[in-house]
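First comes the structure, then the notes that go with it.
The values are calculated or read from the model by the stated rules, or taken from the named source; none is laboratory data. In this text the structure is predicted, and so the values were computed from the model without any measurement. Note that we place each Cβ from the backbone using ideal geometry, even for glycine, and neighbour counts take in every protein chain shown.
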């Protein structure tokens, strides 16, 4: 059975009534999961749901991105490119053109892991309710090098990494708004790739106002030039004031079961001369624990070089002009009382 609700509220009601139902937007991941027997039950398709596919400025100069906005549309949107250029690069640099044309923002955030043990119908891995993570004792070549939890399948969402760095919040039908960190969780539950409650639907992603003069870049280290999951990916975003780096935001993905916001790197970069060598500051990431997965430690050695390349791209980028601000409300002309005029001939 496939249902086609016309609103997000109607879709949430259908999901609440049928806990086994599967939500579909672009369908680029759900199709494969169904093929492998990992998703069953009726489908709730959002293709007719209104109000979910627009990109617009908020009243405070931030950005609201509808859940059904395609990744290709996000990458090409003039508001995104003007105010959040690193986000546009990330959306335009992931997957393939065919996937970006149909995959949606919310689908990218909530997609499932690509672990070959999890996607094998015959493998009873920890994420499917088994007793152990099969990658830890098997082939972990494409798995995490930062050990955050029992499951070491890397989180697959490039967009989640960029939005985590940008302090985005997620609007939810049937629930309160969530920060990106709250949506992603800490990775300790091997059964969950996000914390969204059953029966709730992401309706939009909201970004705070973007300052002008931002330098930003996204880069991924991959094994081939196209259609490859990253070994490491990075997002760098900062401003320059008085010749020094201020408010840096740095995140990496592909190396853990959640995207990582590198607060220690951000602290080391803050106040550094804009033309200084940033490699010592980026080395702060090496302080993170990399235990439990020694066979895949080689990927950790790619993190700093990837960050260096991303920072070089950001430094060479044209500072953002910022999105156009919402027009100020019209100011009513003051009402001036007429000056009394004495009658002609009056004394």
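Quick rundown of the values:
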quantity	calculated
Residue 256, sole failed condition from (1) farther than 19 Å from residue 286 by Cβ; (2) out of contact with any strand residue (DSSP E or B) (no Cβ under 6 Å at 6 or more places or on another chain)	(1)
Residue, farthest from residue 76 (Cα to Cα), within the range 39-54, restricted to residues that are crowded, with 16+ Cβ neighbours inside 10 Å and at pLDDT 85 or above	43
Where a residue in the range 89-114 is free of Cβ contacts under 8 Å to residues at least 24 places away in the same chain and its partner, wherever it lies, is assigned to a helix (DSSP H, G or I) and surrounded by fewer than 24 Cβ atoms within 10 Å (Cβ to Cβ), with Cβ under 8 Å and at least six apart	92/72; 92/75; 92/76; 92/100
Flag for residue 108 being crowded, with 17+ Cβ neighbours inside 10 Å and under 27 Å from residue 255 (Cβ atoms)	yes
Selection from the range 1-58 of residues that are out of contact with any helix residue (DSSP H, G or I) (no Cβ under 6 Å at 6 or more places or on another chain), free of Cβ contacts under 8 Å to residues at least 60 places away in the same chain, closer than 23 Å to residue 123 by Cα and assigned to a loop (DSSP other than H, G, I, E, B)	20, 40, 41
Hits in the range 177-193 (condition: in contact with a strand residue (DSSP E or B) (Cβ under 6 Å, 6 or more places away or on another chain) and buried (at least 22 other Cβ atoms within 10 Å of the Cβ))	183
Residues (under 20 Å from residue 61 (Cβ atoms) and buried (at least 20 other Cβ atoms within 10 Å of the Cβ)) located in the range 78-104	80, 83, 84, 85, 86, 87, 88
Residues satisfying the stated conditions in the range 148-164, i.e. more than 8 Å from the chain's Cα centre (by Cα) and either under 22 Å from residue 220 (Cβ atoms) or crowded, with 22+ Cβ neighbours inside 10 Å (or both)	148, 151, 152, 153, 154, 155, 156
Whichever residue in the range 214-253 is over 30 Å from residue 135 (Cα atoms) and out of contact with any strand residue (DSSP E or B) (no Cβ under 8 Å at 6 or more places or on another chain) and, among such residues, is surrounded by the fewest Cβ atoms within 10 Å (Cβ to Cβ)	242
Odd one out for residue 316, checked against (1) surrounded by 10 or more Cβ atoms within 10 Å (Cβ to Cβ); (2) at pLDDT 85 or above	(1)
Enumerated helices (runs of 4 or more DSSP H) restricted to the range 213-318, each holding at least 1 residues that are within 16 Å of residue 161 (Cβ to Cβ) and touching a residue at least 60 places away in the same chain (Cβ under 8 Å)	303-316
Boolean, residue 196 is under 27 Å from residue 136 (Cβ atoms), surrounded by 15 or more Cβ atoms within 10 Å (Cβ to Cβ) and in contact with a strand residue (DSSP E or B) (Cβ under 8 Å, 6 or more places away or on another chain)	yes
Helices (runs of 4 or more DSSP H) contained entirely in the range 94-209, each with at least 2 residues that are closer than 26 Å to residue 16 by Cα	105-110, 180-184
